[in-house]
1. When the stretch 147-162 is examined, which residues are found to be of a type in the set (A, V, I, L, M, F, W, C), in a loop (DSSP other than H, G, I, E, B) and exposed (fewer than 15 other Cβ atoms within 10 Å of the Cβ)?
2. Which condition does Ser247 not pass, out of (1) under 23 Å from Ser153 (Cβ atoms); (2) outside any strand (DSSP E or B); (3) modelled with pLDDT of 90 or more, if it passes all the others?
3. Taking only the stretch 165-191 into account, find how many residues are surrounded by 21 or more Cβ atoms within 10 Å (Cβ to Cβ) and either out of contact with any strand residue (DSSP E or B) (no Cβ under 8 Å at 6 or more places or on another chain) or assigned to a loop (DSSP other than H, G, I, E, B) (or both).
4. Quick one: in the stretch 91-105, which of the residues that are within 13 Å of the chain's Cα centre (by Cα) and charged (D, E, K, R) is surrounded by the most Cβ atoms within 10 Å (Cβ to Cβ)?
5. Residue pairs, Cβ under 9 Å, 6 or more apart or interchain, first in the stretch 237-254 and closer than 19 Å to Tyr123 by Cα, second of a type in the set (Lys, Arg). List them.
6. Touching a Ser or Thr at 6+ places or on another chain (Cβ under 6 Å), within 20 Å of Leu52 (Cβ to Cβ) and modelled with pLDDT under 95, is that true of Arg254?
7. Mind checking whether some residue in the stretch 129-140 is assigned to a loop (DSSP other than H, G, I, E, B) and at pLDDT 95 or above?
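The values are calculated or read from the model by the stated rules, or taken from the named source; none is laboratory data. From a predicted model like this one, the values you see are computed outputs, not experimental measurements. Because the Cβ atoms are built from the backbone with ideal geometry, glycine has one as well, and the counts that use them run over all protein chains shown.
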Amino acid sequence: MLKPATETPLESLSSICAVLAVGLFVMTFIFQNFVIPSGSMEKTLLIGDHVLVDRITFAPSARWAPLVRYREPQRGDVIVFYKPNPETPDLILVKRLIGVPGDRIHLVHGVVYLNGVAQNERYAAMPESSSDPEDAYSPARDDFPADGTPLGSFEVWSQALPSHVENGDLIVPHGSFFAMGDNREHSADGRFWGFVPRENILGRPMFNYWSFETTAPQMDAQQESLGARVGAFFTTAVHLVDKTRWSRTFHLVR
């Protein structure tokens, strides 16, 4: 009768290290989790959505993974990327890709015209009349780029914009993309900071693996002091059941 094999402490440590190495590789180069901190993509993505990001599809093809299907980002894709000219290093955003290189884009009252054709964007929240000044019609924002860049735009983009406009259309240059949030009235997007270089694109969110009801100020507090982060942790633990958006679990991002 054979006796069950027993691992030595060194073999056990080696096994744990191997598992950790594989997990680190997967979470670094294949998938990555990302928490939605703002309402710029509502209702596609809500504040507090935790999404799994696919980092392979948009990556350059590699010989070691011949069966992986690579492709270039396409119009309508929701993309995760490093913000161009960020206020802080490595600031990551999530927006929808509106224009690819060579596209001609302009907005009329929030409606996107792509290569001269008005787009029917079922996912986009259009500007509406409201008592809130932030929700009111804004020419620079909603008729972009006819009136230049919106208030609060990056100075470098405000200066560069005219060189990318032709006959009222924004022309997306080679090697870059134009992205906007689905919640057009509350999205600081390409209208404010310009084009997304191809090399800035990290991947695409696949689905929500967890969604917790929270607010933008609460998300900001979690990034501040250690005490704020500890408080946020206990708040989440106490309200794990009643504030989890169960209907959004494994909700596909489209």
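1. Of everything in the stretch 147-162, just one residue is of a type in the set (A, V, I, L, M, F, W, C), in a loop (DSSP other than H, G, I, E, B) and exposed (fewer than 15 other Cβ atoms within 10 Å of the Cβ), namely Leu151.
2. Evaluating Ser247 over (1) under 23 Å from Ser153 (Cβ atoms); (2) outside any strand (DSSP E or B); (3) modelled with pLDDT of 90 or more leaves (1) as the failure.
3. 5
4. For the stretch 91-105, the residue satisfying everything is Lys95.
5. Here the result reads His251/Arg245; Val253/Arg204, each pair linking the stretch 237-254 to a residue that is of a type in the set (Lys, Arg).
6. So Arg254 does not fit the description; no.
7. For the stretch 129-140, residues assigned to a loop (DSSP other than H, G, I, E, B) and at pLDDT 95 or above: absent.
Residues are listed down the side, and each one gets a yes or a no for (1) in contact (Cβ under 8 Å) with a residue 40 or more places away in the chain; (2) in contact with a Leu (Cβ under 6 Å, 6 or more places away or on another chain); (3) farther than 18 Å from Gly148 by Cβ:
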{"residue": "Val165", "(1), (2), (3)": "no, no, no"}
{"residue": "Ile171", "(1), (2), (3)": "yes, no, no"}
{"residue": "Phe177", "(1), (2), (3)": "yes, yes, yes"}
{"residue": "Met180", "(1), (2), (3)": "yes, no, no"}
{"residue": "Glu185", "(1), (2), (3)": "yes, no, yes"}
{"residue": "Arg191", "(1), (2), (3)": "yes, no, no"}
{"residue": "Val196", "(1), (2), (3)": "yes, no, yes"}
{"residue": "Trp210", "(1), (2), (3)": "yes, no, yes"}
{"residue": "Thr215", "(1), (2), (3)": "yes, no, yes"}
